[in-house]
Amino acid sequence: MRGQASFTAIVKPFLITGTAKILLLAVVLTCTSTMGVRTNAVSKITGDQQGSTDWKPVEMALGKAGSIQPGDVYKVSFPRSDLKVIVAGVELKPALALGSWVAFKRDGEVTVVMGDLVLTESEVTPVLSKLEAGGVEPTALHNHVLNESPRVMYMHIHAMGDGVKIAKIIHDAIALTKTPFAPPAANPSGGDIGIDTKQIDQIMGQNGKVNGGVYQFGIARADEITDGGMSGDHRMAIPPAMGLAQAINFQPTGGGKAAITGDFVLIAGEVNPVIKALRENGIEVTALHSHMLTENPRLFFMHFWANDDALKLAQGLRAALDKVNVKRQ
């Protein structure tokens with residue numbers, strides 16, 4: 001309106017009757033309409049900016065910073081660098097199989113939280129008690145590998161509600177363990193790590209990345225997975241970054257060999273074809289279990305282990321992946 005008044009003040013001395021009035025009215029309406037479009041555009045930009053989630057309060061409550069992942073997921077990792085775990089003569093790097101993590105996603109006014117905590121046997125009960133007392137639900141407790149020393153357990157968790165309050169509860173639970181909160185020492189994110197990663201990418205039909213001396217793949221399923229928690233009244237699509245990607249990790253062990261582990265995320269009909277493909281290629285199945293309680297479709301998580309020629313193992317993993325409905329690159 002201010003722009004319209006200014007415009008009228010400028011042209012008023014030149015107003016005349018008849019055709020000029022009609023022309024003036026058209027110009028004013030055009031000017032006003034254009035200004036309205038610009039105002040709406042600015043409002044939309046401002047609204048989008050205000051809608052972005054500020055995860056700083058969650059970071060402060062949790063005691064550690066995370067990063068934004070695809071699907072607007074805020075994920076915080078807690079590598080168990082304090083543990084020295086040996087499997088079949090191989091010392092596991094944290095990025096191979098010792099990485100606790102917690103993921104947060106806003107869905108309207110609710111924050112959904114999922115995670116996987118790596119725990120020693122003596123840490124299990126104190127952590128579980130703290131989580132339950134704060135309303136964070138343990139959804140699974142199990143092994144991922146076999147014959148490791150010391151014994152390691154994995155506790156999957158789920159919560160919905162105020163993200164900051166949930167983060168504080170999880171912080172207090174993790175603080176009962178020896179999990180480091182300080183950022184890990186910087187690790188090279190690329191370069192030669194002792195296995196042919198380019199050839200592995202070609203075999204797998206996917207692109208991996210180096211993290212903490214381990215070559216990692218996170219491969220999403222092609223179908224949508226939803227979850228509604230125990231109440232079932234707030235169902236939402238769960239992004240792969242919240243623990244629903246096929247996790248495949250290669251840790252070089254010398255001479256072109258690698259130890260591999262991770263998990264396949266499977267619907268019921270895929271379970272036995274994947275078991276068969278892995279075992280036919282010398283890859284041991286070490287666990288088969290659930291991670292969640294109310295997901296749809298029902299999912300099964302299959303963990304595996306081998307230490308052999310990296311390219312040979314990539315061929316076996318690809319044979320298993322071909323049995324799974326994953327997104328192809």
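Values quoted throughout were computed directly from the atomic coordinates according to the rules given, and no laboratory measurement underlies them. Since the structure is predicted, the reported quantities are computational estimates derived from the model, not experimental observations. Neighbour counts run over all protein chains shown; Cβ positions are idealised from the backbone, glycine included.
Could you compute how fast region 281-329 diffuses translationally, taking Rh as the Kirkwood radius over C-alpha pairs and applying Stokes-Einstein at 37 °C with viscosity 0.692 mPa s? Give it in µm² per second.
Estimated via Stokes-Einstein, D reaches 261 µm²/s.
Could you check the spin-label model distance between E284 and A222? Points 7 Å from the Cα along Cα→Cβ, value in nm.
3.3
On a 21 Å Cα-Cα criterion, which of the cross-link pairs K64/K178; K64/K165; K130/K168; K84/K165; K93/K178; K84/K178 come out too long?
As for pairs spanning more than 21 Å Cα to Cα, those are K84/K165.
With no solvent and one point on each alpha carbon, what is the Debye value of log10 I(q)/I(0) for region 56-321 at q = 0.13 Å⁻¹?
-0.84
Roughly what would the spin-label model give for T125 and K84, points 7 Å off Cα along C-beta, in nm?
2.8
In nanometres, what is the gap between the two model label sites at A237 and Q69, each 7 Å from Cα along Cα-to-Cβ?
Rounded to a tenth, the inter-label distance reads 1.7 nm.
If you take the Cα atoms of region 126-165, find Rg, then find the Kirkwood Rh from the mean of 1/r over all pairs, what is Rg/Rh? Walk me through the numbers on the way to the answer.
Numbers: Rg = 12.8 Å, Rh = 11.7 Å.
When Rh is taken as the Kirkwood radius, the ratio is 1.09.
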